[in-house]
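Data first, discussion second: the structure below is written as structure tokens.
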Amino acid sequence: KWSTGEETQNIRVNQPGSYTVTIQNNFGCEIVKTVIVNASNNPTIEEIIINDISDNNTVTINLTDSSIGNYSYSLDAPSGPYQLSNHFQNVEPGEHTVYVYDNNGCGIASEKIRVLRIPKFFSPNGDGHNETWNILGLETSDFANTKISIFDRYGKLVYSSNGKPNGWDGNLNGTPLLATDYWYRIILNTGREIKGHFSLIR
């Protein structure tokens with residue numbers, strides 16, 4: 001006999017909670033067993049908050065209210081390891097896939113994201129390091145519809161990307177520009193607009 005009033009070997013329940021069953025044999029001996037039922041379902045990602053273009057790029061995964069259960073999270077590793085926190089720090093620029101796993105085995109959700117980084121300086125001095133300034137984390141195909149404009153401190157346009165992924169070399173019409181700060185305006189192919197500044201060091 002179950003705590004639900006049913007007297008069958010199997011019962012079906014659709015609410016979480018504690019259920020007890022009493023089993024009695026023909027001699028009047030009985031045993032009581034308690035079964036705990038936990039609510040759980042396949043996770044659904046509502047939004048992914050990306051704070052990039054910083055010294056510490058972070059990614060936070062938020063689930064819908066209908067996602068009930070205990071979940072673990074992973075970045076780029078569908079087989080784990082997983083973590084209990086939905087927050088990732090120091091995420092490298094580039095394309096990533098986030099995974100949300102139901103700990104009771106009810107399912108897994110995934111979604112692709114892109115994390116960007118913009119250098120704070122570059123030094124086109126011929127030593128082979130930091131020779132160009134560019135957006136880090138974009139694929140070559142992403143630059144086709146991404147607009148990059150760079151201005152000097154007076155607002156003069158000194159560089160426009162024209163869909164090329166090779167970056168700015170610090171020159172204007174073949175002439176090296178001064179070592180100073182420059183300002184950028186970027187419109188990604190997703191419509192996102194980014195503004196900021198960086199230093200040219202020689």
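Below are the figures for this structure:
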item: Every residue from the range 51-75 that is open to solvent by 50 Å² or more (accessible area, probe 1.4 Å) and either among the β-branched types (V, I, T) or closer than 21 Å to D102 by Cβ (or both); result: D65, S66, I68, N70
item: Residue under evaluation N38, criteria (1) under 21 Å from the mean Cα position of the chain (by Cα); (2) loosely packed, with under 13 Cβ neighbours inside 10 Å, criterion not met; result: (1)
item: Filter pass, S123 being more than 30 Å from I36 (Cα to Cα) and either open to solvent by 40 Å² or more (accessible area, probe 1.4 Å) or among the charged types (D, E, K, R) (or both); result: no
item: Hits in the range 187-202 - residues which are modelled with pLDDT of 95 or more and surrounded by 14 or more Cβ atoms within 10 Å (Cβ to Cβ); result: F198, S199, L200
item: Y73, sole failed condition from (1) under 15 Å from the mean Cα position of the chain (by Cα); (2) closer than 27 Å to L188 by Cα; result: (2)
item: Residue within the range 13-28 that is farther than 30 Å from F121 by Cα, open to solvent by 30 Å² or more (accessible area, probe 1.4 Å) and aromatic (F, W, Y) present; result: yes
item: Only listed residue being open to solvent by 20 Å² or more (accessible area, probe 1.4 Å), closer than 30 Å to N42 by Cα and polar (S, T, N, Q), chosen from N166, N90, N162, N145; result: N90
item: Options N173, N103; residue that is closer than 30 Å to N41 by Cβ and at pLDDT 90 or above; result: N103
item: Number of the condition not met by G137 [criteria: (1) touching a Leu at 6+ places or on another chain (Cβ under 7 Å); (2) at pLDDT 95 or above; (3) surrounded by 18 or more Cβ atoms within 10 Å (Cβ to Cβ); (4) not charged (D, E, K, R)]; result: (2)
item: Checking L84 against (1) open to solvent by 20 Å² or more (accessible area, probe 1.4 Å); (2) more than 30 Å from G170 (Cβ to Cβ); (3) touching a residue at least 24 places away in the same chain (Cβ under 8 Å); (4) of a type in the set (A, V, I, L, M, F, W, C), the condition it does not meet; result: (3)
item: Enumerated strands (runs of 3 or more DSSP E) restricted to the range 1-85, each holding at least 1 residues that are hydroxyl-bearing (S, T, Y); result: 17-24, 30-37, 58-63, 71-75
item: Elements of type strands (runs of 3 or more DSSP E) in the range 95-202, at least 1 residues being over 23 Å from the mean Cα position of the chain (by Cα); result: 147-151, 157-160, 181-187, 193-200
item: Among the residues listed as D142, D102, D152, D127, the single one being without any contact (Cβ under 8 Å) to a residue 24 or more places away in the chain and out of contact with any His (no Cβ under 6 Å at 6 or more places or on another chain); result: D127
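The values are calculated or read from the model by the stated rules, or taken from the named source; none is laboratory data. These numbers come from a predicted model, not from an experiment. Using ideal geometry, Cβ is built from the backbone for each residue, glycine included, and neighbour counts are taken over all protein chains shown. We work out accessible area using only protein heavy atoms, side chains counted, and drop any ligands, DNA or RNA first. Shrake-Rupley method; radii C 1.70, N 1.55, O 1.52, S 1.80 Å.
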